[in-house]
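The values are calculated or read from the model by the stated rules, or taken from the named source; none is laboratory data. Every value quoted in this text rests on a predicted model; they were computed, and no experiment measured them. Cβ coordinates were reconstructed from backbone atoms using ideal geometry, including for glycine residues, and neighbour counts include every protein chain displayed.
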Amino acid sequence: MAQPLDYQRALGRFTTGVTVVTATHEARRFAMTASALTSVSLDPILLLVCFNHDSATRVAVREAGHFGLSVLGEGGGAVAKHLATERADEVDQLDDFDVQVGPKNVPLLTDALVHCVCSVERIMRAGDHDVVVGAVEWIDRVREGERPLVFYDGAFWNLTPLDDGTTRSDV
């Protein structure tokens with residue numbers, strides 16, 4: 001039978017993008033770094049993000065009924081590290097960052113590559129996490145051309161493109 005540490009190490013070899021999930025609840029702003037984000041559907045436009053059961057941001061998202069996503073660029077390592085460990089005791093988890101207000105009063109990190117605002121479509125319990133399916137209601141591609149921050153093998157990395165003559169298609 002697979003062991004949790006073996007599973008964690010194995011999945012750590014899967015490279016993911018890095019986002020910050022945000023929500024406002026009871027006049028407080030909550031935020032957490034998330035790499036467990038997946039596109040679910042194009043019709044309707046849905047994505048999912050996973051939250052640990054003891055996450056204060058999970059509670060804020062559930063209660064608010066909507067949340068923001070900020071996709072971090074390669075300069076976002078310090079932000080990602082700071083928000084990777086939630087600080088539920090802080091009055092406002094975004095006090096140290098440049099933040100703008102998006103639709104539905106959702107806080108978004110100003111220096112992100114992409115912003116999304118989602119309404120909570122469904123919440124499902126899955127082991128020690130909740131899977132939240134969000135209906136994407138608003139998207140803003142803020143910073144074209146900048147490379148994303150990625151998470152691999154327990155650390156944050158920047159991408160370096162291969163110089164193999166292939167072309168990139170705009171997705």
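Give the residues of region 77-131 that are among the small types (Gly, Ala, Ser), closer than 19 Å to Ala56 by Cα and modelled with pLDDT under 95, sorted by residue number. Those that are among the small types (Gly, Ala, Ser), closer than 19 Å to Ala56 by Cα and modelled with pLDDT under 95: Ala80, Ala84, Ala88, Ala126, Gly127. Please go through region 44-71 and pick out each residue that is hydrophobic (A, V, I, L, M, F, W, C) and within 13 Å of Val106 (Cα to Cα). Of everything in region 44-71, those that are hydrophobic (A, V, I, L, M, F, W, C) and within 13 Å of Val106 (Cα to Cα) turn out to be Ala60, Val61, Ala64, Phe67, Leu69. The conditions of being modelled with pLDDT of 90 or more and either more than 26 Å from Arg143 (Cα to Cα) or among the hydrophobic types (A, V, I, L, M, F, W, C) (or both) are not met by Phe14.
Region 1-116 holds strands (runs of 3 or more DSSP E) entirely within its bounds, and those carrying 1 or more residues that are within 19 Å of Val133 (Cβ to Cβ) and of a type in the set (Val, Ile, Thr) map to 19-25, 37-42, 45-52, 66-71. Can you confirm whether Arg62 is out of contact with any helix residue (DSSP H, G or I) (no Cβ under 8 Å at 6 or more places or on another chain), touching a residue at least 40 places away in the same chain (Cβ under 8 Å) and charged (D, E, K, R)? It is true that Arg62 is out of contact with any helix residue (DSSP H, G or I) (no Cβ under 8 Å at 6 or more places or on another chain), touching a residue at least 40 places away in the same chain (Cβ under 8 Å) and charged (D, E, K, R).
Quick one: which residue in Pro107, Pro103 is touching a residue at least 24 places away in the same chain (Cβ under 8 Å), surrounded by 19 or more Cβ atoms within 10 Å (Cβ to Cβ) and not hydrophobic (A, V, I, L, M, F, W, C)? When all the criteria are applied, what remains is Pro107.
Are any residues in region 1-18 touching a helix residue (DSSP H, G or I) at 6+ places or on another chain (Cβ under 9 Å) and within 30 Å of Ala64 (Cα to Cα), and if so, which ones? Before the answer, list the steps.
Here is the first cut: in region 1-18, the residues touching a helix residue (DSSP H, G or I) at 6+ places or on another chain (Cβ under 9 Å) are 2, 18.
Result: Val18, single match.
Cβ contacts < 7 Å: first residue in contact (Cβ under 8 Å) with a residue 24 or more places away in the chain, restricted to region 20-31; second residue aromatic (Phe, Trp, Tyr) and in a strand (DSSP E or B), any location; separation 6+ or different chain. Result? Here the result reads Val21/Phe67; Thr22/Phe30; Thr22/Phe67; Ala23/Phe30; Ala23/Phe67, each pair linking region 20-31 to a residue that is aromatic (Phe, Trp, Tyr) and in a strand (DSSP E or B). For the residues Ser35, Ser55, Ser41, Ser70, the requirement of being without any contact (Cβ under 8 Å) to a residue 12 or more places away in the chain and not basic (Lys, Arg) singles out Ser41.
Whether any residue in region 40-54 is within 13 Å of the chain's Cα centre (by Cα), over 15 Å from Arg122 (Cβ atoms) and surrounded by 20 or more Cβ atoms within 10 Å (Cβ to Cβ) is what I want to check. No, region 40-54 contains no residue that is within 13 Å of the chain's Cα centre (by Cα), over 15 Å from Arg122 (Cβ atoms) and surrounded by 20 or more Cβ atoms within 10 Å (Cβ to Cβ).
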